[in-house]
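The block underneath contains the structure these notes are about, expressed in structure tokens.
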Amino acid sequence: MKISLKQLLLAIAWLSITLTLASSLYAGYRADQQTLVKTTLETNFAYAQKLAKMTEDYLLRTERLLAYSANNLSPYLAEVDQQQLNYEAERLVVQGESLSSVLITDNQGMIQGTSSEIRTLIGKPLLDEAGIETLSTGKPSISKPYQTQTDKLVVFITSPIKDSSSNVIGLIGGSIYLKEKNVLYDLLGQHFYEDGSYVYVVDEDGMLMYHLNRERVGEVVTKNPAIEELRKGHSGSMRLLNSKNQDMLAGYASVPLTKWGVVTQRPTEIALASSKQMVKEMIVKSLPFILLSALIILYFAYKIAKPLEKLASYASDQLERDGHAPLESGAWYHEAIQLDLALTDSYSRFQDRVDHFIQESSTDPLTGLLNRRALNEQARTLVEKKVSFSLAILDIDRFKRVNDMYGHTMGDEVLKDLAEKLQQRTKDKGMCYRFGGEEFVILFPQIENEQASEWMNEIRIEVSNEMSAIGEPITFSAGVANIPEHAEHFLRLLELADECLYHAKETGRNKVVHMNERVKS
């Protein structure tokens, strides 16, 4: 059983509502996700910049603290007042609360004073590269993370101690123990969120200097795009898979002073969780409108289908009375099938009449050949498609004498006889048209001028050797020209072919002249 129009309208309407709702929800969901991703990336980038600035400020403050202390240590170091040196080192650890331990060396790198935690190092040489650099250059320095003599992973910050003549007589250096609670935890730990967001710091080689999971401190991280960018000195934000293959939204910023990098990141799944809740709320809020739309659609589907159902019923009755068999129309629901059958029948009758009128308007009633109108249409098509063709205009020689001697009726017979002969001899080569009176035109598509002229000569000879309707042979003269060899437009081609025809008449009749001969003459 074929589906009815009312059922079809309901199905289409419901499908439209469903697809519209689904596309709206999906578009809203995607837009919300993109906004959340963008906002989270911007927020994390801003956090990373802020934390990088705080970290750099802390390091600069620590350098200044050590530099201030170094200015006061020159006399004590010169006298090797170990008690005073130890006191100053311990004071910096206790009061500064930013350094895990402090040591003081002479200009040979021998440790002369320390804070209490590393007192056993007194009298031993300093092995840290940053310290050695400070002694040789007289400038403050901050080391890369390294393993100390006491087997701790540290960052060492140093400042030179100079005498009144600005000679380097030693250094003071403070260590930050990376795997123990330190100032980085105080600075960065407060930015941890229970939603999975966290901060970490890496050095220029990708080593973790700070991480909430202290067991990971000292680990060199690879396959992390944000860290790769930091190692190049870049700052920014991106969505990435971290070294644990987790989808993250990360902001990152470099610390120019030390070439460290700060990364703040949040799991993408958590950042986008609110968009799923938004979709649920949209569905709940849309339900009343969907139900109302369904009722309105049901009402209008009934109103639209009712008159068409009546028309389809009427068309079905008419077709049964007229005895028409069902047609393969392609319609697939009941009302359309009935109406299509009726329209197809009406169109078929109309098309027969149109074809008849077209045939009559394009055909010469006397000879049955295509007429001048059909010639113009065919030539226009060939010119538009840029197809080359030759055209021959032929005219019966002394046709007036035929009409005068035998009458117009016999003249018509001669025209019909010649038309039949021309059509038989050109059906595989060209198309024949009656141009008017005793003139005929033959189109030779994609045939060169000389070849068309040769064929016309063959036809001329054959016609002149056969009896015509008046009991004697007739002859004709013809002119041949070609597009695009001789003309670009059809009307100009007709003029040139007609000139060749006229030349054939003037030079003796019963001959074919093509345009190339006309030009030479």
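The values are calculated or read from the model by the stated rules, or taken from the named source; none is laboratory data. Predicted model, so just to flag it, every value in this text is computed and none were measured. Here Cβ is always computed from backbone atoms with ideal geometry, including for glycine, and neighbour counts include all displayed protein chains.
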Per-region count, the stretch 491-521, residues over 20 Å from Phe444 (Cα atoms) and not in a helix (DSSP H, G or I): 5
Filter pass, Pro140 being touching a helix residue (DSSP H, G or I) at 6+ places or on another chain (Cβ under 6 Å) and either in contact (Cβ under 8 Å) with a residue 40 or more places away in the chain or not basic (Lys, Arg) (or both): yes
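Is it the case, given these coordinates, that Thr137 is surrounded by fewer than 20 Cβ atoms within 10 Å (Cβ to Cβ), within 60 Å of the chain's Cα centre (by Cα) and of a type outside the set (Phe, Trp, Tyr)?
Numbers: surrounded by fewer than 20 Cβ atoms within 10 Å (Cβ to Cβ): yes; within 60 Å of the chain's Cα centre (by Cα): yes; of a type outside the set (Phe, Trp, Tyr): yes.
So Thr137 passes the test.
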Filter pass, Thr55 being surrounded by 20 or more Cβ atoms within 10 Å (Cβ to Cβ) and either of a type in the set (Ser, Thr, Tyr) or part of a helix (DSSP H, G or I) (or both): yes
Residue, modelled with the lowest pLDDT, within the stretch 134-152, restricted to residues that are in contact with a Leu (Cβ under 9 Å, 6 or more places away or on another chain) and assigned to a helix (DSSP H, G or I): Thr134
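Could you say which residue among Asn44, Asn72 is crowded, with 16+ Cβ neighbours inside 10 Å and either modelled with pLDDT under 90 or in contact with a Lys or Arg (Cβ under 8 Å, 6 or more places away or on another chain) (or both)? Quick ask: steps written out before the conclusion?
Numbers: Asn72 fails: crowded, with 16+ Cβ neighbours inside 10 Å.
After applying the criteria, what remains is Asn44.
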Boolean, Thr426 is touching a Cys at 6+ places or on another chain (Cβ under 9 Å), in the same structural domain as Lys385 (by TED's automatic domain parsing), under 24 Å from Gly368 (Cβ atoms) and surrounded by fewer than 21 Cβ atoms within 10 Å (Cβ to Cβ): yes
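For the stretch 434-444, give me the residue count where each residue is surrounded by 15 or more Cβ atoms within 10 Å (Cβ to Cβ) and either without any contact (Cβ under 8 Å) to a residue 40 or more places away in the chain or more than 17 Å from Cys500 (Cα to Cα) (or both). Talk me through it step by step, then tell me what you get.
Restricting attention to the stretch 434-444, the residues satisfying the condition of being surrounded by 15 or more Cβ atoms within 10 Å (Cβ to Cβ) are 434-435, 438-444.
Next, from what is left, pick out any that are either without any contact (Cβ under 8 Å) to a residue 40 or more places away in the chain or more than 17 Å from Cys500 (Cα to Cα) (or both): 434.
Looking only at that region, the number is 1.
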Qualifying residue in the stretch 446-469 (condition: free of Cβ contacts under 8 Å to residues at least 12 places away in the same chain and assigned to a loop (DSSP other than H, G, I, E, B)): yes
Some residue of the stretch 488-496 being under 25 Å from Pro365 (Cβ atoms), under 60 Å from the mean Cα position of the chain (by Cα) and of a type outside the set (Asp, Glu): yes
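So, restricting to strands (runs of 3 or more DSSP E) that lie completely within the stretch 153-244, which ones have at least 2 residues that are in contact with a Gly (Cβ under 9 Å, 6 or more places away or on another chain) and farther than 25 Å from Gln95 by Cα? Write out each step before concluding.
Numbers: elements: 153-162, 168-177, 198-202, 208-210, 236-241.
Where strands (runs of 3 or more DSSP E) fall fully within the stretch 153-244 and carry at least 2 residues being in contact with a Gly (Cβ under 9 Å, 6 or more places away or on another chain) and farther than 25 Å from Gln95 by Cα, they are 198-202, 236-241.
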Qualifying residue in the stretch 113-120 (condition: surrounded by fewer than 20 Cβ atoms within 10 Å (Cβ to Cβ), at pLDDT below 90, assigned to a helix (DSSP H, G or I) and among the acidic types (Asp, Glu)): yes
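Hey, among the residues in the stretch 371-426 that are aliphatic (A, V, I, L, M) and outside any helix (DSSP H, G or I), which one's nearest to the chain's Cα centre (by Cα)?
Here is the first cut: in the stretch 371-426, the residues aliphatic (A, V, I, L, M) are 374-375, 379, 382-383, 387, 391-394, 396, 402, 405, 410, 414-415, 418-419, 422.
Retained after the next criterion (residues that are outside any helix (DSSP H, G or I)): 387, 391-394, 396.
Details: Val387: 39, Leu391: 51, Ala392: 55, Ile393: 57, Leu394: 61, Ile396: 67 Å.
The qualifying residue nearest to the chain's Cα centre (by Cα) is Val387.
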Pair list, Cβ < 6 Å and 6+ apart or interchain, from the stretch 369-388 residues that are under 13 Å from Leu491 (Cα atoms) and buried (at least 18 other Cβ atoms within 10 Å of the Cβ) to residues that are modelled with pLDDT under 95 and of a type in the set (Val, Ile, Thr): none
In the stretch 97-112, residue farthest from Pro75 (Cα to Cα) [restricted to those that are in contact (Cβ under 8 Å) with a residue 60 or more places away in the chain and in a strand (DSSP E or B)]: Ser101
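Out of Gly196, Gly218, report the one residue that is touching a Leu at 6+ places or on another chain (Cβ under 7 Å) and surrounded by fewer than 16 Cβ atoms within 10 Å (Cβ to Cβ).
Gly218
Hey, any hits in the stretch 406-413 for a residue that's over 27 Å from Glu506 (Cα atoms) and out of contact with any strand residue (DSSP E or B) (no Cβ under 6 Å at 6 or more places or on another chain)? If you could, list the steps in order and put the result at the bottom.
In the first step, residues of the stretch 406-413 are kept if they are over 27 Å from Glu506 (Cα atoms); the result is 409.
Right, trim to out of contact with any strand residue (DSSP E or B) (no Cβ under 6 Å at 6 or more places or on another chain) and you get 409.
There is at least one residue in the stretch 406-413 that is over 27 Å from Glu506 (Cα atoms) and out of contact with any strand residue (DSSP E or B) (no Cβ under 6 Å at 6 or more places or on another chain).
Quick check: anything in the stretch 19-36 in a loop (DSSP other than H, G, I, E, B) and under 29 Å from Arg266 (Cβ atoms)?
No.
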